[in-house]
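Participant: Sharing a structure below in structure tokens format, with a few things to ask.
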Amino acid sequence: DQQVKQNSPSLSVQEGRISILNCDYTNSMFDYFLWYKKYPAEGPTFLISISSIKDKNEDGRFTVFLNKSAKHLSLHIVPSQPGDSAVYFCAASYSGGGADGLTFGKGTHLIIQP
Amino acid sequence: DTAVSQTPKYLVTQMGNDKSIKCEQNLGHDTMYWYKQDSKKFLKIMFSYNNKELIINETVPNRFSPKSPDKAHLNLHINSLELGDSAVYFCASSPRQYNEKLFFGSGTQLSVL
């Protein structure tokens, strides 16, 4: 019963190009979405988040888009850099659930090719 | 000066043994968590502690017991280890309860032989 799905286990992108990571969810109660980034042998680190009252949130090279009707969000990285090579986890929660209700996807391994 | 530190990084042990994983955070956060990343790569919450009180206990076996001597520490004790317990265990903290921005430790790779 995967409530948060990242259907691409891996993605390879050339340095300087745009990376687009996708995430779908099934639970209509989710109203807060986050992306975490994870390097090998390290724990995940928070990258960017978006509330369901918005459809876009931008932070430097990272932009998250939310399409509530499609229950879909995406993370755009422009331009992609070698240091962006990592596993990216999509996560979702609902009001009042906090981290107790944080549901993670399986992650997408982003590989930036030089 | 690591924000969330957990030890050991690797733990190899035999079935039936009892082991502990330690976690400490120096961020002054109120809430700490244990997550398990299984072979399918899903990160799932096991426990969370807020101000030393257990506030959620997902359906994990009672062989797993979290212990928090103070707000900065949350240790995980595992009794009678089984093969299926092999996974990566992550400690995490957040500034307060119901805050989704978690700060994770680097993980403990547990292998049960």
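The values are calculated or read from the model by the stated rules, or taken from the named source; none is laboratory data. The shown structure was predicted, so the numbers you read here are calculated from the model rather than taken from an experiment. Here the Cβ is made from the backbone with ideal geometry for all residues, glycine too, and neighbour counts use every protein chain on show. Heavy atoms of the whole protein, side chains included, go into the accessibility calculation; ligands, DNA and RNA do not. Shrake-Rupley method; radii C 1.70, N 1.55, O 1.52, S 1.80 Å.
Participant: Need one number: % antiparallel among DSSP beta bridges in chain B, to the nearest 5.
Facilitator: Taking every DSSP beta bridge with both residues in chain B, the antiparallel ones total about 90 percent.
Participant: Students often forget the sequence filter, so: which aspartates and glutamates lie under 16 Å Cα-Cα from B:LYS52 once same-chain residues fewer than 8 apart are removed?
Facilitator: Here the aspartates and glutamates satisfying the reach criterion relative to B:LYS52 are A:ASP100, B:GLU24, B:ASP30, B:ASP70.
Participant: What are the radius of gyration and Dmax of the protein assembly as shown, computed over its Cα atoms and given in Å?
Facilitator: Taking only Cα atoms of the protein assembly as shown, I get Rg and Dmax of 17.6, 51 Å.
Participant: I would also like to ask the following. Whole-Å semi-axes of chain A's equivalent ellipsoid, largest first, each the root of 5 times a Cα gyration tensor eigenvalue?
Facilitator: 23, 15, 12
Participant: Would you kindly calculate the translational diffusion coefficient of chain B, applying Stokes-Einstein with the Kirkwood radius from alpha carbon pairs, for 37 °C and a viscosity of 0.692 mPa s, and quote it in µm² s⁻¹ without decimals?
Facilitator: My calculation gives 236 µm²/s for D.
Participant: Just the number please: accessible area per residue for chain B, 1.4 Å probe, all protein chains included, in Å².
Facilitator: I get 49 Å² per residue for chain B.
Participant: Suppose R0 equals 22 Å. What FRET efficiency, 1/(1 + (r/R0)^6) with r the Cβ-Cβ distance, do B:GLN109 and B:LYS52 give to the nearest 0.05?
Facilitator: The calculated FRET efficiency here is 0.20.
Participant: Turning to a different aspect of this structure: Please compare each pair in A:LYS56/B:LYS44; B:LYS19/B:LYS40; A:LYS54/B:LYS40; A:LYS54/B:LYS44 to a cut-off of 30 Å on the Cα-Cα distance and tell me which ones are over it.
Facilitator: Checking Cα-Cα distances, A:LYS54/B:LYS40 exceed 30 Å.
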